[in-house]
Amino acid sequence: MKKIDAQALRLATAGGGKIYIETYGCQMNVGDSEVVLSIMKDNGYERTEYIDNADVILINTCAVRDNAEQRIWGRLFEMRAVKRRRGWVMVGIIGCMAERLKEELMEREQVVDLVVGPDSYRSLPDLVRTAATGGKAINVMLSHEETYAEISPVRTDKNGVSAFVAIMRGCNNMCSYCVVPYTRGAERSRSFETIINEVRNLFERGYREVTLLGQNVNSYMDGQVGFAQLLRAVAEISPLLRVRFATSHPKDLSDEVINVIASYKNICRSIHLPAQSGSNVMLQVMNRKYTREWYLERISAIKKSIPECSVSTDLIAGFCGETEQDHADTLSLMNEVGYEFAYMFKYSERPNTKAARTMADDISEDVKTARLTEIINLQNELSLASNKRDIGKVFEVLVEGQSKRSAEQLFGRTSQNKVVVFDGRGAKVGDYVDVVVNSCSSATLMGEVV
Ligand code: 5AD
Ligand code: SF4
């Protein structure tokens, strides 16, 4: 920023003002934005939901696939118009794309004043001051220790019922396609005590559901406390508090964790266990460190201890060297598991990952698209079949809000993480109600309170 005007001068000297934050990507980013808002609030900034009121605009970015980055470039282009309209406003890029591209973001798009990576959010207030006086405001240092442990996030959820709680950061797994270990750094766990305190506080404020977050929650470790013990302790805060967690790496999902889930009714009957592929050849080149057989054994262990548990997954179509047979193996894995839900992606090469450095991205865009379409179609069938099996059954639903379609209708989720729309009958957001399912689509259950 070359020109220093009055508004910039105020940011530079007094600090404080209005901050607007936009979040892209995963739930971890949602949690990070809440940490950023808390840091900024402690430095005199107030959150605004209107971009035109903001003194500082932050965009929390994702780098996991190229289309996620393209969206951000598009948004940055729009920021030029915002700047023109406003005369002056600071624009900062934070998160994984900031970490991956560093200075390049400032060089390519002249609208960017500030670049801050996921482990450097404590330096944001200082960097805003630097940027306001025209200095180079960039911090992309990764850390082995930073967990923002004691920071109490400013909640941005709309309902006051469900909250995300980060329990660890970073990832050590080095899946060959994935940029996350480079943008979020090495794995580290947040202290047990600060997690328990945060969840207790949320419950006292009326929250009824927490999702414990990390790239690989099953490798949580604080001293002698592992994920199973943490999960147990969180579940014991109150039987009225629902506990969810994401994401589990199949290689680390232990019997102990499965047993803890089985023994607490308030730990949700829903496990997200990304398979990525059903082919052993692909799993090997992806460096996933398990086989199809190992994965299916974990599924059997879940179903044996928790028969009513739903299972969801992430799948990648068209990874390097994927043959028709490999793809068929993914489809057959989907059928064998009968996933309730899946996030499905075309492989997108990320610069500097193991795959980008050593493997050819040799599946054509057309073939990737065709395979992804087959995967999506199959998943729609599986989701519909699973939902049809719920017709006639009664589920406990945590009410989250009013349905978009009608004011009399409420929506919430079952323990299995399925969305249910039903007639309100006086129930309030945050209540638990028993709902009998009458009909369904592949995405939603419809029912009524019993
Ligand atoms: N291309 C496509 N999908 C990817 N994912 C991670 N990296 C890539 C990539 N390069 C997917 C994985 C992961 C989810 C968060 O994103 O399925 O589980
Ligand atoms: Fe990426 Fe694999 Fe780590 Fe998930 S477990 S963040 S896919 S490296």
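For this structure, a couple of remarks:
- In region 168-176 there is no residue that is of a type in the set (S, T, N, Q), touching a residue at least 40 places away in the same chain (Cβ under 8 Å) and more than 16 Å from ligand 1 (Cβ to nearest atom).
- Positions within region 247-264 being more than 16 Å from ligand 1 (Cβ to nearest atom) and of a type in the set (D, E, K, R), in sequence order: ASP255, GLU256
- Residues located in region 188-210, provided they are assigned to a loop (DSSP other than H, G, I, E, B) and either crowded, with 22+ Cβ neighbours inside 10 Å or not assigned by TED's automatic domain parsing to the domain that holds ILE261 (or both): ARG190, ARG208
- Residue satisfying condition, being touching a strand residue (DSSP E or B) at 6+ places or on another chain (Cβ under 6 Å), open to solvent by less than 10 Å² (accessible area, probe 1.4 Å) and either within 16 Å of ligand 1 (Cβ to nearest atom) or at pLDDT 95 or above (or both), within set LEU213, LEU230: LEU213
- Matching residues, region 58-68, being in a loop (DSSP other than H, G, I, E, B) and open to solvent by 10 Å² or more (accessible area, probe 1.4 Å): CYS62, VAL64, ARG65
- Test: residue in region 268-285 that is assigned to a helix (DSSP H, G or I), within 16 Å of ligand 1 (Cβ to nearest atom) and surrounded by fewer than 19 Cβ atoms within 10 Å (Cβ to Cβ): no
- Check on GLY25, closer than 24 Å to SER176 by Cα, touching a Phe, Trp or Tyr at 6+ places or on another chain (Cβ under 8 Å) and within 16 Å of ligand 2 (Cβ to nearest atom): no
- GLY185 meets each of the listed conditions (1) open to solvent by 10 Å² or more (accessible area, probe 1.4 Å); (2) in a loop (DSSP other than H, G, I, E, B); (3) not hydroxyl-bearing (Ser, Thr, Tyr) apart from (1).
- Flag for GLU340 being away from ligand 1 (no atom under 15 Å from the Cβ) and within 21 Å of the chain's Cα centre (by Cα): yes
- Of all residue pairs spaced 6 or more apart or on separate chains, those with beta-carbon atoms under 6 Å, a first member in region 421-437 that is over 13 Å from PHE411 (Cβ atoms) and of a type in the set (Asp, Glu) and a second member that is open to solvent by 30 Å² or more (accessible area, probe 1.4 Å) and assigned to a loop (DSSP other than H, G, I, E, B) are ASP434/VAL450.
- Search result, residues across region 34-57 that are part of a loop (DSSP other than H, G, I, E, B) and in contact with a Pro (Cβ under 9 Å, 6 or more places away or on another chain): ASP42, ASN43, GLY44
The values are calculated or read from the model by the stated rules, or taken from the named source; none is laboratory data. Since the structure is predicted, the reported quantities are computational estimates derived from the model, not experimental observations. We place every Cβ from the backbone using ideal geometry, glycine too, and count neighbours over all the protein chains shown. Note: areas computed on protein heavy atoms with side chains; ligands, DNA, RNA excluded. Shrake-Rupley method; radii C 1.70, N 1.55, O 1.52, S 1.80 Å.
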